[in-house]
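To keep things clear, I will list the structure first and then write my remarks on it.
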Amino acid sequence: MLTYCGSPKKRKLNVTAKSFIVYDCIEHKTILKRKSNKKVEVASLTKIMTFYVTLLTIELFNLNVKEIKVKVTKKATET
């Protein structure tokens, strides 16, 4: 699994979600959060499952994630 090491750059947070949390599973710490204790309905379950299936596929086929390249359009990053 890829990890980022280094000081995060200060950037304007461009997240439209009313609440969220970003957790670093390697360092075991919260990176970003907004109203993370608020109870809300599960959203974007398809995205979560896609990520989960991707991780399982990487493990199943013993893929080297550093060699995998994915092209993402600007429009996709803004969705």
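The values are calculated or read from the model by the stated rules, or taken from the named source; none is laboratory data. These figures come from a predicted structure and were not determined experimentally. Neighbour counts run over all protein chains shown; Cβ positions are idealised from the backbone, glycine included. For the accessible areas, the whole protein counts, side chains as well, though only heavy atoms, and no ligand, DNA or RNA atoms are used. Shrake-Rupley method; radii C 1.70, N 1.55, O 1.52, S 1.80 Å.
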- [ ] With a ≥ b ≥ c taken as the square roots of the eigenvalues of the C-alpha gyration tensor of region 20-79, please select rounded if a/c is under 1.5 and otherwise prolate if a/b is larger than b/c or oblate if it is not?
- [x] prolate
TODO: Quote to one decimal, in nm, the extra length available between Lys66 and Lys29 on full extension: 0.36 nm per residue of separation minus the C-alpha distance between them.
DONE: 11.0 nm
Open item on the list: Of Val53, Val65, Asn37, which is farthest towards the positive pole of region 33-79's charge dipole, taken about the Cα centre with +1 and -1 on the beta-carbons of Lys, Arg and Asp, Glu respectively?
Closed with: Asn37
- [ ] Would you check the accessible area of Val72, probe 1.4 Å, heavy atoms only, in square angstrom rounded to 10?
- [x] 90
